[in-house]
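I have a structure I would like to understand better, so I am pasting it below and will then ask my questions one at a time.
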């Protein structure tokens with residue numbers, strides 16, 4: 001019990017340190033710093049990855065509909081938060097917007113999640129009878145259908161057809177993103193640690209045994225699907241804020257694969273793994289490895305070979321292959337990060353060194 | 001006469017043209033240990049699955065504690081194909097999923113152990129407490145069900161102590177030795193507060209000593225939890241030791257019923273197990 005408390009305290013300290021770092025970056029970093037755009041994206045995709053992990057990693061439902069639910073969230077949020085006097089300008093190709101009010105940020109975010117969750121409920125009815133790959137294909141199809149539908153001219157007055165939506169509320173402060181993402185992830189963690197979370201894991205481990213233990217499969221799968229989509233919708237809204245413009249073309253299945261990649265790199269079934277992986281993935285693809293895409297010349301004027309547009313993706317693919325080949329469990333496997341256990345391990349390491357050739361029983 | 005717990009009536013299970021269970025009728029009364037035996041492929045596990053809701057039986061009826069839980073009659077394509085008896089006896093269709101049956105008080109174990117692989121021993125049992133929850137997803141997430149959660153944990157601890165698994169409670173379930181995994185599977189089934197426990201070959205793969213321990217264990221839990229037990233088994237020592245009554249099936253058909261001594265001397269049963277020579 002005492003150890004458990006120590007663990008909780010250590011983890012709370014870690015979270016506090018993270019928040020402090022974010023505040024410091026927000027206050028001290030120069031306004032041109034890459035930190036801002038990268039951290040906004042990391043917060044967004046950390047939430048998307050964690051919500052996908054809830055479904056794929058904790059309930060064992062292999063769904064690839066993330067892009068679709070994010071699109072629904074992004075559109076809902078964007079449409080609802082355009083200032084009233086800007087609406088006719090944004091929707092100029094369709095006369096005017098059908099919606100003539102503006103919502104504050106938080107209710108719009110919640111509604112973005114709810115709309116995504118509602119659609120999840122609807123398509124979950126037929127689709128959740130399917131298993132593994134079939135479910136993946138069906139949800140992937142759903143995502144593509146949604147992307148096609150919002151582009152229809154008929155929906156123009158609501159969705160602005162194929163034209164992008166902009167001018168909506170888009171905060172710049174990274175703390176806003178961190179707060180939305182942090183609260184959402186906290187809720188997901190609470191769900192996973194509750195009795196429902198255990199039921200989800202039971203379904204993942206053995207569906208037949210779970211059902212024999214009195215867990216209603218249809219009900220719990222639907223629940224997990226809806227919750228995951230709710231937070232996906234919020235992640236979509238955050239993505240809209242990041243980009244300050246929403247267009248259906250950005251919600252392709254490639255984005256779903258990107259999120260899946262983050263989940264796999266972080267470890268399927270690990271929340272902290274997903275967050276760490278989101279940071280590593282987006283920081284390197286948007287920032288640290290960006291130089292690979294630029295044609296660079298040495299001082300003498302010679303061109304450095306290979307560097308040029310597209311090379312970043314080549315390096316990135318190789319890195320991913322290495323991860324998949326050698327770290328099949330991802331960074332964290334199914335474990336969660338724990339500062340206290342880390343300290344213990346380091347302590348043990350030193351203890352072992354000090355007792356040279358001592359007994360190795362742990 | 002003690003109360004009837006499980007009543008199976010004219011249960012037939014047909015897959016395509018194969019009649020796996022043919023017109024099985026059996027009764028299990030309160031407090032009894034009843035064994036269902038038969039040679040390999042006789043349809044024991046199929047009968048089990050039909051009773052516990054994994055399969056929908058083709059024809060027949062099952063009642064649990066006086067309440068009808070399953071009823072079916074041949075429909076659709078099966079109407080023409082049906083090769084069993086009593087095709088016109090039942091008119092209603094009543095199907096229950098395994099989780100609903102477990103909620104009513106029927107818990108089962110599996111022939112090949114099915115534990116929740118990634119979970120600890122403690123969590124395995126705790127998960128089985130989920131079905132008696134009163135919390136919903138919101139109260140559970142916001143930890144408003146703290147009392148209930150504490151009660152679930154306390155009951156799990158007590159149960160693990162009773163079945164002597166408390167000292168391994170933090171180990172990953174699949175890391176346990178085979179005998180203990182079996183025991184854990186039974187403990188997990190007990191966590192659902194069953195009236196009737198269905199054991200599918202609990203002694204499969206066990207050596208004689210482990211089998212003996214299991215026999216004691218089954219007696220022990222029956223006393224402790226006021227259980228009625230229906231089991232499928234191949235170990236004849238165990239079956240003869242433990243059961244109050246035995247049903248024998250062969251090729252899906254019931255061939256004998258009675259107390260162990262009667263079954264041991266029943267010629268039909270001996271023939272079914274040893275085979276009949278052709279020239280007789």
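The values are calculated or read from the model by the stated rules, or taken from the named source; none is laboratory data. The structure presented is a predicted model; accordingly, all values stated were derived computationally and were not measured. A quick note on method: Cβ atoms are made from the backbone with ideal geometry, for glycine too, and the neighbour counts reach across all protein chains shown.
Of all the residues that make up region A:127-160, how many are surrounded by fewer than 20 Cβ atoms within 10 Å (Cβ to Cβ), under 20 Å from residue A:227 (Cα atoms) and at pLDDT below 90?
Total meeting the criteria: 4.
Considering only region B:74-144, give the helices (runs of 4 or more DSSP H) lying wholly within it that have at least 2 residues that are more than 14 Å from every other protein chain (Cβ to nearest Cβ).
Because the criterion is at least 2 residues that are more than 14 Å from every other protein chain (Cβ to nearest Cβ), the helices (runs of 4 or more DSSP H) in region B:74-144 that meet it are B:78-81.
Can you tell me which residue among A:218, A:212, A:202 is more than 23 Å from residue A:125 (Cβ to Cβ) and either buried (at least 24 other Cβ atoms within 10 Å of the Cβ) or more than 11 Å from the chain's Cα centre (by Cα) (or both)?
The unique qualifying residue is A:212.
State the number of residues belonging to region B:160-183 that are assigned to a helix (DSSP H, G or I) and touching a helix residue (DSSP H, G or I) at 6+ places or on another chain (Cβ under 6 Å). Before the answer, list the steps.
Restricting attention to region B:160-183, the residues satisfying the condition of being assigned to a helix (DSSP H, G or I) are B:160-162, B:166-168, B:173-175, B:178-183.
So of that shortlist, the ones also touching a helix residue (DSSP H, G or I) at 6+ places or on another chain (Cβ under 6 Å) come out as B:160, B:166, B:168, B:173, B:179.
Looking only at that region, the number is 5.
Further question: Out of all the residues in region B:27-49, which are surrounded by fewer than 18 Cβ atoms within 10 Å (Cβ to Cβ) and part of a loop (DSSP other than H, G, I, E, B)? Give the steps one after another, and end with the answer.
Kept after step one, since they are surrounded by fewer than 18 Cβ atoms within 10 Å (Cβ to Cβ), are these residues of region B:27-49: B:27, B:29-31, B:39-41.
Listed by number, the residues that qualify are B:30, B:31, B:39, B:40, B:41.
Please tell me if residue B:64 is under 17 Å from residue B:50 (Cα atoms), away from chain A (no Cβ under 14 Å) and in contact (Cβ under 8 Å) with a residue 40 or more places away in the chain.
So residue B:64 fits the description; yes.
So residue B:100 clears everything in (1) under 25 Å from residue B:187 (Cα atoms); (2) modelled with pLDDT under 85 except one condition, right? Which one?
Just one mismatch for residue B:100, condition (2).
OK, next. Is there a residue being farther than 30 Å from residue B:118 by Cβ, away from chain B (no Cβ under 14 Å) and buried (at least 23 other Cβ atoms within 10 Å of the Cβ) anywhere in region A:285-304?
no
Let me ask you something else. Name the one entry in B:35, B:50 that is in the same structural domain as residue B:256 (by TED's automatic domain parsing) and touching a helix residue (DSSP H, G or I) at 6+ places or on another chain (Cβ under 7 Å).
B:35
Tell me, yes or no, whether region A:251-268 has at least one residue that is in contact with a strand residue (DSSP E or B) (Cβ under 6 Å, 6 or more places away or on another chain) and within 14 Å of chain B (Cβ to nearest Cβ).
no
Conditions tested, residue by residue: (1) more than 12 Å from every other protein chain (Cβ to nearest Cβ); (2) surrounded by fewer than 18 Cβ atoms within 10 Å (Cβ to Cβ); (3) touching a strand residue (DSSP E or B) at 6+ places or on another chain (Cβ under 9 Å).
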| site | (1), (2), (3) |
| --- | --- |
| B:148 | no, yes, no |
| B:173 | no, no, yes |
| B:179 | yes, no, no |
| B:183 | yes, no, no |
| B:189 | no, no, yes |
| B:194 | no, no, yes |
| B:202 | yes, no, yes |
| B:212 | yes, yes, no |
| B:241 | yes, yes, no |
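Any idea how many residues of region A:62-108 are modelled with pLDDT of 90 or more and exposed (fewer than 13 other Cβ atoms within 10 Å of the Cβ)?
Qualifying residue count, region A:62-108: 2.
Kindly indicate whether residue A:240 is touching a strand residue (DSSP E or B) at 6+ places or on another chain (Cβ under 6 Å) and crowded, with 18+ Cβ neighbours inside 10 Å.
Yes; evaluated as a whole, the condition is true for this residue.
Quickly run through region A:1-53 and pick out the residues that are within 30 Å of residue A:220 (Cβ to Cβ) and within 11 Å of the chain's Cα centre (by Cα).
A:43, A:44, A:45, A:46, A:47, A:48, A:49, A:50, A:51, A:52, A:53
Return yes or no: is residue B:20 in a loop (DSSP other than H, G, I, E, B) and surrounded by 18 or more Cβ atoms within 10 Å (Cβ to Cβ)?
The answer is no for residue B:20.
Counting residues that are away from chain B (no Cβ under 14 Å), which helices (runs of 4 or more DSSP H) fully inside region A:128-245 reach at least 1?
Qualifying helices (runs of 4 or more DSSP H): A:132-150, A:156-159, A:174-193, A:217-243.
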